[in-house]
Amino acid sequence: AGIVLIDTLDFPYSKWIPKNLELVGLDIKDVSHILITHGHSDHIGGAGYLQGLSGAKVVTTAADWQLAAQQQQKLTGTKNAFTLPINPMLITHNQSLVIGNTPFGLHITPGHTKGCLSIIIPAKDKNKTYQALVYGGMGTNFNGLVQAHDYLNSIAHIKKIHNKSPIAVNLPNHPHMGQLFEKQLATNPPNAYINAAKVSDFLALLEERGRFKLI
């Protein structure tokens, strides 16, 4: 049913994406959906450009669509200026989007921004299927107690899902902030991506960062 991209980099760095798809035998024209975790330019800046190449449907939240528009205005006239995609699909909390036969669990997890989107998807390794998480906004570079509480409540929501049905694969949209390379992939062969305990550690790390914002 097509290729699904999650986030698009700042423009013009998003121009790397079609080239990198080509290197692994894929074609930007086959991208059917672009899921945006939040409205900061380093996540949505290339969405309009890539939509123009592929015709893909762009999926985001209403709150962060507004943030994206603000980011676009802020960057007008700079080297990172970008165009917004057209006709975005604005999703609601706990919505499921099925693409082909693959369900994408869409969870609005505010905190880093007011409309962060976290995504839970099935990830296959040989004949086994695991739950994978793309957490929408790890950073605590925001101000105010309201967003701090939202941040912690969002983590609690994902932890509840994880405790009920373990998430085994962590795919953070900023790998270094999720300590993916130094704490997980370097230490857990043969498939270091599959590690539910490391997902628990990751969520605990986010919770610690969130609690620090309450001090």
### Task
Pick out the one residue from H112, H176 that is under 17 Å from the mean Cα position of the chain (by Cα), more than 19 Å from Q95 (Cα to Cα), of a type outside the set (V, I, T) and open to solvent by 60 Å² or more (accessible area, probe 1.4 Å).
H176
### Task
Take Y130 and decide whether it is more than 21 Å from T8 (Cα to Cα), in contact (Cβ under 8 Å) with a residue 60 or more places away in the chain, surrounded by fewer than 22 Cβ atoms within 10 Å (Cβ to Cβ) and not aliphatic (A, V, I, L, M).
yes
### Query
From the list G39, G48, which one is open to solvent by less than 70 Å² (accessible area, probe 1.4 Å), in a helix (DSSP H, G or I), among the small types (G, A, S) and more than 17 Å from V4 (Cβ to Cβ)?
G48
### Task
Determine whether the stretch 140-163 contains at least one residue that is more than 19 Å from H40 (Cβ to Cβ), assigned to a loop (DSSP other than H, G, I, E, B) and open to solvent by 20 Å² or more (accessible area, probe 1.4 Å).
no
### Message
I need every pair where a residue in the stretch 90-102 that is more than 17 Å from D30 (Cα to Cα) and without any contact (Cβ under 8 Å) to a residue 12 or more places away in the chain has its Cβ under 8 Å from the Cβ of a residue that is among the aliphatic types (A, V, I, L, M) and part of a strand (DSSP E or B), sequence separation at least 6 or different chains.
### Response
Q95/L106; S96/L106
### Query
In the stretch 176-208, how many are assigned to a loop (DSSP other than H, G, I, E, B) and more than 20 Å from N163 (Cα to Cα)?
10
### Task
Within the stretch 146-176, track down each residue that is aliphatic (A, V, I, L, M) and touching a helix residue (DSSP H, G or I) at 6+ places or on another chain (Cβ under 9 Å).
A148, L152, I155, A156, I158, I167, A168, V169, L171
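The values are calculated or read from the model by the stated rules, or taken from the named source; none is laboratory data. Remember, it's a predicted structure, so these values are computed and weren't measured experimentally. Neighbour counts are summed over all protein chains in view; Cβ atoms, including those assigned to glycine, are modelled from backbone coordinates with ideal geometry. Ligands, DNA and RNA are excluded from the accessible area calculation, which covers all protein heavy atoms including side chains. Shrake-Rupley method; radii C 1.70, N 1.55, O 1.52, S 1.80 Å.
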